[in-house]
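Since the structure comes first, as C-alpha cells, the remarks are kept for the end.
The values are calculated or read from the model by the stated rules, or taken from the named source; none is laboratory data. All values derive from a computational prediction rather than experimental measurement. Cβ placement follows ideal geometry from the backbone for every residue including glycine, while neighbour counts extend to all protein chains displayed.
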Amino acid sequence: MLTVARFWQERPLVEIKDSEELKAWLRGKPREVAVALAARAALRVLPIVQMDKYEGYARNLVLPVFRATAVSWATAKYLENDSEIARARAEAAGAPYSAYAILAGSSAFAALAAADVGADAVADAATAAEAAVRAASAGDASATDIAIFWSAVSDDARRVEEGVAASDIAGSPLWQRQRFHYQFGSQTVVELLKEQPDQLQSLWLELKAALVAANDHWDVWTDWFDDRLAGRVRDEERELAYVSIEEALWAEGPAIVNAEIKRRIELQISHAELDATEDPDIAEIAGIVEPPPIEAIPDQEPIAARFGVNSEGLIDVVPDPPAPGTAADPLQREYFDELRLKAQALVELGPNLLGALNDPANRFRVGLKDRIEDISITSLWSRGNTLRIRLKAHDLTMNGAEPDPGRLPPLVAETLRDLVHTWNIFIVGDPKGRELDDIRLGPQEVQAAKQVVAAAAPVIEALQHSENVATPTAIEAVAEQTEAAKTAPDGIDGDQAIGLARKTAGNIVIEMLRNAYASVRKEAGFALRESRAGFYRQAGASAFKVVAGSVALTGIISFVVSYADVLKAFVITSWHNPTLVDIIDLIVGLWP
C-alpha cells in the first residue's frame, strides 16, 4: 500500500508576518510596489463589508468601499496612465464619506491614501494591511486565516524580488496557491492547494447574493470583484469605466452610478463588436437577432438552498446561517447545544439498532456544526424533516399488530422522539426555519413538484459525474434534498420535502444558466445596444472564430452544452418557459 507523507513546502523568498515587517521591506522599493500591495490587501478583505437591510446602507457603505478599492487598484494597474485617473483619485479621496464607511472600509481607504502621489505610500500600505487583518479578525478569522493573509502578502513581495512589475502583480489572482511536494515511493508529486480562507470565500458569496438581490445593476461590481479574485484584466477602457464616473453621479447613489458603469462597459463592447463586423469572415454569418435579456432567467427561490459561483468558477452553496438575532439568543443557543447532545446520543445507538435510520441520523449530526453560526438552516431543516418523517412512519406502524419495516426499536424511537421534539422548537425559532415549516402545498402543486423533481434527476446525476462545474457541497445539497423528495410519504412533511427539493433543483439550474449566459453575453458583446443590438447566431467555423476567441469554455458552459437536452426538459417542466430553451440553444449554438 502506498503511504503519503508531506515532503516539504516551498516557502517564499520573503516572509512577512506583520505590518512592521511589511513597512521595513517596502522601504527603498518603488512607490508603485507599495500602491499595488496596499490595493491587494484591501481587495482581499473586501467581502467582509456586508449588506444590511436598513435604507442607505448600500449608498453609504458598500458603494464607497468598492469605489475606494477600485481607484486604488486602477492606480496600481495603470500607473503609466496616471494622468487619466488623477481626477478620479482626487475626487474619491475628497468625497464626503460617512464615519461608518471609513471605519468599516478602513483598509480600502488606506489603500486609496497610498495611491496619492504625495502620500507616504509605504506607511499607508502598511496601514492598509494592518487594517485588513483587523477587519478579518473582527470577522472571527482564525489564526490560520491571518497567517494565510500574510502569506499572500509575502507571495506578492517574493514576485517583486523576482522582478515582476508592480502593475502585473496588481492584475494577478488575489490568492495564489501554496505548493506542496509529496513523495510517492521514488516519485515526487507537486500539489497546489487553494489558499483563500474559507471564511472570506463564504462572505463573498453572501455579499454577492445580497447585491444581486438588491438589483440596482450591482452585477457590474460583482463581476469586477470576481475578475480581481481570478486575476482577469479586461480592456483598459472597460476597467477604467469603474473609476472615471463624475463626482456628481457618485453622489446620486448605486442605482445611477452602476447604471452608468454598465452603459460605458456595454458601449465599449459595442464598439468592439462593430469593429469585428469588418472581418469578411464575419460578414458571411447570416442572421442578426435580438437575444433574450438575461432577466428572462428567473430569480432563485429565497426559501431553499441558494447558489452562487465562487472565486474558482464553481457553483457553490450560498451560506444561510441563522439570523444574527436568532444566533445570539441565549435560549436558542441552549436548544442548539441540546440538539447536538441528543443527536450524538441517537448516533451512538449504533447501526445495528438504528438500521435504515443510521444514515439520516449521522447526516443530521454532521449538520450540527460546532458553532451555531456555521450551520445551514435549509440543510438542517431538510435533514431534520427526514427524521420527523421517520418518526411519524414509526408511529403509524404502532396501530398494527404485524411486523413493519418502518417500526423502530423502543429505545431508538424514544431517543428519536426526544431529538425531534427539541429540533421542532429550535427550527421555528429561526425566521427561515419557520418559513420552511409553514409551507403548505395543494394537491396540484404537489403533483407538479413531483414532476419537476423527476425531471431534475438526470441533471443531478450529470452533475455528480462532472468536474469543474459545482463544489461537492453544492452537489450534496441538491442531491440530498432530491433523494428525500423521492421517498417522501403523503402528508404535510412529505409535501414540504418535495417542495423544497423542487426549489433547490431549480435554483442550481438558474445559477448555472445565468452564469453561462452572462459570460457569453458579456464576453462576446451580445445585445449591448438598447434598440437594435444583436449577436451572430450561426453554427460553424466563422461563428466559432467570433465567439470562441473571447469566451472561455468554462466548466459551467461546457456542462450546459453537453447536457442541453436534459436541461431543456427540466426548464420546460419547471417553468414552462420556452425563452429558457432559447437561451440554452443560443449557448449551445456558439460551440461546434
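In segment 368-383, the residues that are farther than 20 Å from Asn424 by Cβ and assigned by TED's automatic domain parsing to the domain that holds Trp423 form no Cβ pair under 7 Å with any partner that is surrounded by fewer than 21 Cβ atoms within 10 Å (Cβ to Cβ) and among the aromatic types (Phe, Trp, Tyr), whether six or more places apart or across chains. Being surrounded by fewer than 16 Cβ atoms within 10 Å (Cβ to Cβ), on the phi < 0 side of the Ramachandran plot, assigned to a helix (DSSP H, G or I) and not polar (S, T, N, Q) is true of Leu396.
Within segment 311-332, which residues are assigned to a loop (DSSP other than H, G, I, E, B), over 17 Å from Ala213 (Cβ atoms) and out of contact with any Ser or Thr (no Cβ under 7 Å at 6 or more places or on another chain)? Give the derivation first.
Within segment 311-332, the subset assigned to a loop (DSSP other than H, G, I, E, B) is 311-314, 318-323, 329.
Next, only the ones that are over 17 Å from Ala213 (Cβ atoms) stay: 311-314, 322, 329.
The answer is Ser311, Glu312, Pro322, Asp329.
Apart from one condition, Ala488 fits all of (1) assigned to a helix (DSSP H, G or I); (2) over 21 Å from Ser558 (Cα atoms); the exception is (1). Being surrounded by fewer than 22 Cβ atoms within 10 Å (Cβ to Cβ), more than 28 Å from Phe307 (Cβ to Cβ), within 34 Å of the chain's Cα centre (by Cα) and among the aliphatic types (A, V, I, L, M) is a property that Val347 has.
Of all residues in segment 316-345, those satisfying the criterion of being under 17 Å from Leu205 (Cβ atoms) and among the acidic types (Asp, Glu) are Asp316, Asp320.
Look at Ala518 and say whether it is buried (at least 18 other Cβ atoms within 10 Å of the Cβ) and of a type outside the set (Ser, Thr, Tyr). Here the answer is no, as Ala518 does not meet what is asked.
If you go through segment 93-138 and keep only what is surrounded by fewer than 19 Cβ atoms within 10 Å (Cβ to Cβ), of a type in the set (S, T, N, Q) and either at pLDDT 85 or above or part of a helix (DSSP H, G or I) (or both), you end up with just Ser137.
Restricted to segment 199-236, and to residues there that are over 19 Å from Val257 (Cα atoms) and of a type in the set (Lys, Arg), the residue that is farthest from the chain's Cα centre (by Cα) is Arg234.
Assess whether Val469 counts as being modelled with pLDDT under 95 and within 21 Å of the chain's Cα centre (by Cα). Yes; evaluated as a whole, the condition is true for this residue. For segment 441-485, the set of residues classified as surrounded by 18 or more Cβ atoms within 10 Å (Cβ to Cβ) and not in a helix (DSSP H, G or I) consists of Val469, Ala470, listed by residue number. For segment 355-378, the criterion of a residue being modelled with pLDDT under 90, within 30 Å of Val212 (Cβ to Cβ), under 33 Å from the mean Cα position of the chain (by Cα) and among the β-branched types (Val, Ile, Thr) is satisfied by no position. Filtering segment 23-39 to residues that are small (Gly, Ala, Ser) and touching a helix residue (DSSP H, G or I) at 6+ places or on another chain (Cβ under 8 Å) leaves Ala34, Ala36, Ala38, Ala39.
Of Ser574, Ser531, Ser542, all but one fail to be modelled with pLDDT of 85 or more and either hydroxyl-bearing (Ser, Thr, Tyr) or within 20 Å of Ile510 (Cα to Cα) (or both); the exception is Ser574.
Residue-level analysis places Gln332 outside the set of residues that are at pLDDT 95 or above and either in the same structural domain as His421 (by TED's automatic domain parsing) or polar (S, T, N, Q) (or both).
Are any residues in segment 347-373 within 19 Å of Val478 (Cα to Cα) and part of a helix (DSSP H, G or I), and if so, which ones? Scanning segment 347-373 gives Asp359, Pro360, Ala361, Asn362, Arg363, Phe364, Arg365, Val366, Gly367.
Considering segment 206-232, the residues that are touching a helix residue (DSSP H, G or I) at 6+ places or on another chain (Cβ under 7 Å) and not in a helix (DSSP H, G or I) include one that is nearest to Ala68 (Cα to Cα), namely Trp218. Residues of segment 303-318 that are under 23 Å from Trp224 (Cβ atoms), out of contact with any strand residue (DSSP E or B) (no Cβ under 8 Å at 6 or more places or on another chain) and crowded, with 21+ Cβ neighbours inside 10 Å: Ser311 alone.
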